[in-house]
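One structure is given here, and the rest of the page talks about it.
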């Protein structure tokens, strides 16, 4: 019982800070995505392709979360967008307080879209609100079609599912119809995109939707 009580207090404290973050983002009319996935699903590559297509028309900023190193932050910085690295030193997820501290280094008045790339993990990040508008879960075809069933909490709390690496479907054991069905059984309201960051398939639809969300928040 004491463990449950402690966990509840931790989450309540996190939710309080997340609410502060959300109010701050709303005051600046910033659209905020919390991008989550297992390691290697292609979060950073999807972010790179999104920046390539949208940075000329939308003012983006990025918060990068990693257990160690700033490799992903340096990848994103090459595209000329503001980026802040959070190194968790072994922590398996980002928390609202870490994001609150990170955005102090950003010019929020000059930001229309803030993308928070969370630590690669489909378990812990599901329970931690960062103040985002939406959780975007990235799932790759190489992981198999049963991931939604194994990690239902993440898919239940997400608003968007991006199925990545569809160019590899001929070479992997993945039933796309089953993957969609499993995800939508858990969360019928999920918006689903199928993309390949290698071939470019589906990226126009994805980026058009992102731009529309930014416009909606700005309005």
Restricting attention to region 129-158, which residues are assigned to a loop (DSSP other than H, G, I, E, B), out of contact with any helix residue (DSSP H, G or I) (no Cβ under 6 Å at 6 or more places or on another chain) and farther than 20 Å from residue 46 by Cα?
146, 151
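One residue is enough: does region 107-124 have a residue meeting the conditions at pLDDT below 95, in a helix (DSSP H, G or I) and within 14 Å of the chain's Cα centre (by Cα)? Give the derivation first.
Looking only at region 107-124, we keep the residues that are at pLDDT below 95, and these are 119-124.
Now drop any that are not in a helix (DSSP H, G or I), which leaves 124.
When the remaining residues are screened for being within 14 Å of the chain's Cα centre (by Cα), the result is 124.
Yes: region 107-124 contains one or more residues that are at pLDDT below 95, in a helix (DSSP H, G or I) and within 14 Å of the chain's Cα centre (by Cα).
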What number goes with the only condition from (1) touching a strand residue (DSSP E or B) at 6+ places or on another chain (Cβ under 6 Å); (2) within 21 Å of residue 44 (Cα to Cα) that residue 200 does not pass?
(1)
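Give me the helices (runs of 4 or more DSSP H) completely within region 1-104, filtered to those with at least 2 residues that are in contact (Cβ under 8 Å) with a residue 24 or more places away in the chain and surrounded by fewer than 15 Cβ atoms within 10 Å (Cβ to Cβ), ordered by residue number.
Fully inside region 1-104 and qualifying: 2-27.
Yes or no, residue by residue, for (1) touching a helix residue (DSSP H, G or I) at 6+ places or on another chain (Cβ under 9 Å); (2) more than 16 Å from residue 58 (Cα to Cα); (3) modelled with pLDDT under 95; (4) surrounded by 12 or more Cβ atoms within 10 Å (Cβ to Cβ):
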| position | (1), (2), (3), (4) |
| --- | --- |
| 167 | yes, yes, no, yes |
| 172 | yes, yes, no, yes |
| 177 | no, yes, no, no |
| 184 | yes, yes, no, yes |
| 187 | yes, yes, no, yes |
| 193 | yes, yes, no, yes |
| 202 | yes, yes, no, yes |
| 206 | yes, no, no, yes |
| 212 | no, no, no, no |
Cβ-Cβ distance below 6 Å, separation of 6 or more or different chains: which pairs start in region 152-165 with a residue that is farther than 14 Å from residue 34 by Cα and end on one that is modelled with pLDDT under 95?
153/126
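The values are calculated or read from the model by the stated rules, or taken from the named source; none is laboratory data. Only a predicted model underlies this, so the values are computations on that prediction, with no experimental measurement involved. In this analysis, Cβ positions are derived from the backbone assuming ideal geometry, glycine residues included, and neighbour counts consider all displayed protein chains.
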